[in-house]
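> Quick one: this structure, given as structure tokens, is what I'll be asking you about.
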Amino acid sequence: MVNITVLIMSLNLAGPYQQNRIMKYLFTAFIALSIYTVLVDLVFVKTLSSVYPDKIRSRYSFPLGSFWHYLCSVFFVTTFFIAWFLVKDANSPVNYLIFMWLLFAYLIVYIPKLFYLLFYWAGFLIQFLMGKMFKKKRVSKVNDGRYPRISRKKFLSQLGIVVASAPFVSLMFGAFKGRFAFDVKRTRIPFRNLPKSFSGLKIVQISDMHLGSLNSNHDQIERVVEMINAEKPDIICFTGDLVNNFHEETIGWDSVMNRMKAPMGKFSILGNHDYGDYSKWRSKEEKIANFEGILDAHDRFGFKLLKNESVVLSKNGEKIAIAGVENWGHPPFPQYGDLEKAGKGIEDIPFRILLSHDPDHWDAEVRHKNMYSLTLAGHTHGMQLGLRYKNYQWSPAKYKFRRWAGLYHEGKQYLYVNRGLGYLGMPVRVGMPPEITVIELFSV
Ligand SMILES: [Fe+2]
């Protein structure tokens with residue numbers, strides 16, 4: 001589903017040939033989604049009428065009657081069709097919010113339905129196969145009245161309801177609790193080339209705020225600011241995607257963002273969402289004005305935005321450098337990042353940190369140059385879905401990104417991928433909470 005959103009959004013970046021291809025993908029995705037939705041409801045209605053014939057007096061019986069389920073299919077297929085046009089030509093943050101909550105409403109209805117059906121029919125299949133494997137004469141058992149009788153269908157249906165409640169509860173929890181369950185992740189990294197004066201340097205990294213998705217939840221980010229300040233960081237790094245697409249999303253956040261404090265500086269970069277590339281603009285000038293509004297927000301929030309440039313920090317006569325590249329992404333997304341330019345003038349600084357939004361950039365360009373001891377990235381959001389237990393973590397993000405969350409290293413070079421603070425596509429985080437990273441560097 002998130003991929004469909006990305007496809008829709010990438011329409012505006014592609015040339016005419018690619019646009020045709022993307023339109024074809026989009027149309028196929030829309031048809032597939034519609035068929036899936038109608039099919040799920042057809043099978044669901046058939047299953048319910050076979051399990052609960054006594055409770056369905058007419059097609060309008062609420063909530064098991066077929067009318068309500070087909071109404072649901074028609075509603076979602078129609079609204080997705082409308083939303084497709086809305087997002088394609090989206091020219092305000094409101095469209096994104098509508099699409100986000102529509103997606104949530106869809107998932108909260110259709111994922112539990114799918115789980116119920118899969119479990120119910122799998123139960124029947126298992127019983128059928130067991131019956132074939134162990135052919136026994138049927139023995140009719142007399143119920144002595146001590147236990148209530150329950151048909152096989154009703155038994156499987158009730159188990160199906162229990163199984164279906166798991167994604168329902170997870171999604172509800174992810175939307176109303178999980179997306180604001182901020183998690184502080186601490187890491188200590190040793191470096192031989194870190195100047196002694198910087199040993200113990202504390203960096204707080206945050207990423208992917210997507211302010212438009214956060215909407216008016218200022219109190220939640222005020223909590224984040226308190227958590228960050230309590231860490232007493234020397235440096236704060238923000239690794240891109242301040243907004244979903246529009247500069248208006250940054251309005252009203254100044255006082256919250258300015259309360260974030262770090263004595264050695266707050267540094268930021270741009271992510272793929274910070275260029276206004278995800279909607280159609282009436283003119284080039286309008287798009288430029290939007291981009292300038294986003295750049296201005298970094299300044300208003302007290303962040304030094306690094307656009308293919310670097311800063312040098314000094315302490316007791318020793319130096320380290322922080323470089324930041326603009327977004328570097330896989331095609332069809334443009335590659336604004338210029339590593340050469342960002343690294344100019346810091347070749348002689350013994351210890352260099354790089355901020356780059358997309359972690360794939362590390363393998364594609366960064367680590368072969370052997371120039372940056374530590375790279376900080378974001379972008380993946382851990383797909384806002386996953387499992388974590390002690391040192392084990394899993395997410396669908398691992399099939400899209402080679403390095404998708406946490407600390408990685410190759411030789412003496414380290415990459416940290418932050419799971420992001422905000423959310424995009426669906427207003428949910430399940431098992432993949434928003435992250436505040438605290439990295440302490442020490443010299444050995
Ligand atoms: Fe992002």
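The values are calculated or read from the model by the stated rules, or taken from the named source; none is laboratory data. Owing to the predicted nature of the structure, the values given are computational and were not obtained by experimental measurement. Glycine gets a Cβ as well: all are built from the backbone with ideal geometry, and neighbour counts include every protein chain shown. Please note that ligands, DNA and RNA were not included when accessible areas were found on the heavy atoms of the full protein model with its side chains. Shrake-Rupley method; radii C 1.70, N 1.55, O 1.52, S 1.80 Å.
> Which number in (1) closer than 23 Å to PHE442 by Cα; (2) buried (at least 20 other Cβ atoms within 10 Å of the Cβ); (3) in contact (Cβ under 8 Å) with a residue 40 or more places away in the chain marks the one condition that ALA321 misses?
(3)
> If you scan the stretch 372-385, which residues turn out to be within 12 Å of the chain's Cα centre (by Cα) and either surrounded by fewer than 19 Cβ atoms within 10 Å (Cβ to Cβ) or farther than 18 Å from ASN327 by Cβ (or both)?
First pass over the stretch 372-385, keeping only residues within 12 Å of the chain's Cα centre (by Cα): 378-385.
Selection gives GLY382, MET383, GLN384, LEU385.
> Take VAL256 and tell me if it is touching a helix residue (DSSP H, G or I) at 6+ places or on another chain (Cβ under 6 Å) and either more than 14 Å from the ligand (Cβ to nearest atom) or of a type in the set (A, V, I, L, M, F, W, C) (or both).
Spelling it out, VAL256 is indeed touching a helix residue (DSSP H, G or I) at 6+ places or on another chain (Cβ under 6 Å) and either more than 14 Å from the ligand (Cβ to nearest atom) or of a type in the set (A, V, I, L, M, F, W, C) (or both).
> In this structure, is GLU347 surrounded by fewer than 21 Cβ atoms within 10 Å (Cβ to Cβ) and under 17 Å from GLY271 (Cα atoms)?
Taking the combined requirement at face value, the residue does not satisfy it.
> Say we look at the stretch 353-371 and pick out the residues that are free of Cβ contacts under 8 Å to residues at least 40 places away in the same chain and among the charged types (D, E, K, R); which of these is surrounded by the fewest Cβ atoms within 10 Å (Cβ to Cβ)?
Residue satisfying both the conditions and the ranking: LYS369.
> Among the residues of the stretch 260-317, count how many are on the phi > 0 side of the Ramachandran plot and at pLDDT below 95.
Going through the stretch 260-317 one residue at a time, the tally reaches 1.
> Can you confirm whether the stretch 230-246 contains a residue that is under 18 Å from PRO434 (Cα atoms) and open to solvent by 10 Å² or more (accessible area, probe 1.4 Å)?
yes
> Give the residue, chosen from ARG403, ARG388, that is out of contact with any strand residue (DSSP E or B) (no Cβ under 7 Å at 6 or more places or on another chain), more than 15 Å from the ligand (Cβ to nearest atom) and open to solvent by 10 Å² or more (accessible area, probe 1.4 Å).
Numbers: ARG403 fails: out of contact with any strand residue (DSSP E or B) (no Cβ under 7 Å at 6 or more places or on another chain).
Within the list ARG403, ARG388, the selection yields ARG388.
> If you take the residues in the stretch 181-209 that are within 30 Å of ASN95 (Cα to Cα) and surrounded by 19 or more Cβ atoms within 10 Å (Cβ to Cβ), which one is farthest from the ligand (Cβ to nearest atom)?
Our first condition is that a residue be within 30 Å of ASN95 (Cα to Cα); within the stretch 181-209, this holds for 181-183, 205-209.
Now restrict to residues that are surrounded by 19 or more Cβ atoms within 10 Å (Cβ to Cβ): 205-209.
Values: GLN205: 14, ILE206: 12, SER207: 7, ASP208: 4, MET209: 8 Å.
Result: GLN205.
> For the stretch 314-363, what are the residues that are under 22 Å from the mean Cα position of the chain (by Cα) and charged (D, E, K, R)?
GLU326, ASP358, ASP360, ASP363, listed by residue number.
> Go through (1) crowded, with 18+ Cβ neighbours inside 10 Å; (2) over 21 Å from SER279 (Cβ atoms) one by one and return the number of the condition MET100 breaks.
(2)
> What are the residue pairs meeting all of these: first residue in the stretch 156-181, first residue without any contact (Cβ under 8 Å) to a residue 24 or more places away in the chain, second residue among the basic types (Lys, Arg) and assigned to a helix (DSSP H, G or I), Cβ atoms under 8 Å, and 6 or more apart or on different chains?
So the pair list comes out empty.
> Continuing with this model, one more query. What's the number of the only condition in (1) among the small types (Gly, Ala, Ser); (2) open to solvent by 10 Å² or more (accessible area, probe 1.4 Å); (3) at negative phi that GLY431 fails to meet?
(3)
> Further question on the same structure: Before we move on, is GLY212 within 16 Å of the ligand (Cβ to nearest atom) and either touching a strand residue (DSSP E or B) at 6+ places or on another chain (Cβ under 7 Å) or not in a helix (DSSP H, G or I) (or both)?
no
> While we're on this one: Within the stretch 217-244, count every residue that is in a loop (DSSP other than H, G, I, E, B) and away from the ligand (no atom under 16 Å from the Cβ).
Residues of the stretch 217-244 that are in a loop (DSSP other than H, G, I, E, B), as a first pass: 217, 231-234, 239-244.
Adding the requirement that they be away from the ligand (no atom under 16 Å from the Cβ) leaves 217, 231-234.
Total meeting the criteria: 5.
> Pick from GLY271, GLY276: which is open to solvent by less than 40 Å² (accessible area, probe 1.4 Å), within 16 Å of the ligand (Cβ to nearest atom) and free of Cβ contacts under 8 Å to residues at least 40 places away in the same chain? Please lay out each step first, then the result.
Values: GLY271 fails: free of Cβ contacts under 8 Å to residues at least 40 places away in the same chain.
Within the list GLY271, GLY276, the selection yields GLY276.
> Report the residue count in the stretch 19-77 for those that are out of contact with any helix residue (DSSP H, G or I) (no Cβ under 7 Å at 6 or more places or on another chain), at pLDDT below 90 and among the hydroxyl-bearing types (Ser, Thr, Tyr).
The total comes to 5.
> Within the stretch 345-357, how many residues turn out to be within 16 Å of the ligand (Cβ to nearest atom) and out of contact with any helix residue (DSSP H, G or I) (no Cβ under 7 Å at 6 or more places or on another chain)?
The qualifying residues number 1.
> Can I ask one more? Taking GLY337 as the residue in question, decide whether it is surrounded by 15 or more Cβ atoms within 10 Å (Cβ to Cβ) and either of a type outside the set (Ser, Thr, Tyr) or closer than 27 Å to PRO195 by Cβ (or both).
When the stated conditions are applied, GLY337 passes them.
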